[in-house]
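Only one structure is covered here, and it is reproduced in the block below.
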Amino acid sequence: MRPRLCGMTSRKGRPKAGPFFLAALLLVSAGPSLAQEAYVTAQLANEVAVVDLGAGKVIAHIPVDGAPAGIALSPDRRTAYVTRPEGQSVAVLDLDKPAVTASIAVHGGPLGIAVNPKTGVVYVADWYATRVVVLTPSPEGLKQTAEIAVGKSPSGLAVTPDGSTLLVANREADSVSVVDLATAKETHVVAVGRHPFGLTLSADGSRAYTANVTSNDVSVIDVPGHREIGRVPTGDRPYVVALAGARGFVTDQYSNSVTAFGLDDLKPAGSIDVEDHPEGIAASRDGKRLYVANWGDNTLSVIDAATLKVTGKIAVPDGPRAFGDFLR
């Protein structure tokens, strides 16, 4: 997977700026019973767009420079943390205002990001290194308190619901690191497909799913057993996985599609055509809808999880990534 550099174009010839050709997915955390808003990182527009999902339109624009990419929400869903790869920092957004209230330097290539659902600690993957940076809340704001050694080019991050374990997709190592957060140490390494990127956990934290970009499949991991238990074939260049009901859904960047698969039998259940270069994907809390950010067409596709049909399309600003936990 190559970095996204200025001058690189999409399949339709759209200029692509920013430091990474692909970004990571994190865990979609549990939020309100129904997602009412989407917070879409628009990398080329240098902003986070606030989308009213009921009205199907952007209702606010939050300027965030530095090519915003990854996003994760605090446990109370009132704060967003956004990685800025070109700004080498993480922006803190007050979602009630909405506005940027702070910026924390994270040198290197901050990209994947996740929040501990129990403690509110923020974890940031450094794409250019072999580390995850730990940002701990304090009365003065977030402070860098530690670094966790992991595999090469960490990307997708997810924290188990009990807050005890961090999983890290190591893109260049073809592996997933299992980190004990009590000691901030890697305790196991699970071999997966080629170039794992987006990483998503089941609601109970017992299974993890990685989108393996160059082997065109999804690895299924038994988290307590620290082992891969299956693979699901996908379209071309899978990016991020979301879970809804009894199915998983993965965006296929080069196929302009979303592959659905059964969580029990781990077999493909259908392919859904979306727009150009789909990247981020997340499921509504009730599991009835999926929202897909299409980088090449500046849209969010809305998918009915039961019928596997696209039911709507929402225009968003330039270069949407929606990479991470972006619904509330």
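The values are calculated or read from the model by the stated rules, or taken from the named source; none is laboratory data. Note that the structure is a prediction, hence the values are computed from the model and not measured. Here the Cβ positions follow ideal geometry from the backbone for every residue, glycine too, while neighbour counts run over all protein chains shown. Areas reflect the complete protein model, heavy atoms only, side chains present, ligands, DNA and RNA absent. Shrake-Rupley method; radii C 1.70, N 1.55, O 1.52, S 1.80 Å.
Heavy-atom accessible surface of segment 37-315, averaged per residue, reaches 35 Å², computed with a 1.4 Å probe. With +1 assigned to the C-beta of every Lys and Arg and -1 to the C-beta of every Asp and Glu, and no other charges, what is the dipole magnitude of the chain about the Cα centre in debye, to the nearest 20? I would put it at about 320 debye. One Cα centroid belongs to segment 167-214, the other to segment 80-96; the line between them spans 23 Å. Measuring nothing but protein heavy atoms, the accessible surface of segment 236-322 at 1.4 Å probe radius is 44 percent carbon and sulfur. The alpha-carbon of Lys97 sits under 27 angstrom from the alpha-carbons of these lysines, leaving out residues fewer than 8 places away in its chain: Lys57, Lys118, Lys143, Lys313. Solvent-free Debye calculation, one equal scatterer per alpha-carbon of the chain: log10 I(q)/I(0) at 0.13 Å⁻¹ equals -0.82. The 3J(HN,Hα) values that the Karplus relation (6.51, -1.76, 1.60; θ = phi - 60°) gives for segment 287-296 are, in residue order, x, 8, 9, 10, 10, 10, 8, 9, 4, x Hz. Gly and Pro appear as x. Each of Pro110, Ser206, Gly151 was placed along the dipole of segment 37-315 (beta-carbon charges, centred on the mean Cα), and the one lying farthest toward the positive end is Ser206.
Can you pull the percent of segment 95-220's accessible area that's carbon plus sulfur, 1.4 Å probe, other chains left in place?
Details: 2310 of 4510 Å².
Its accessible area is 51 percent carbon and sulfur atoms.
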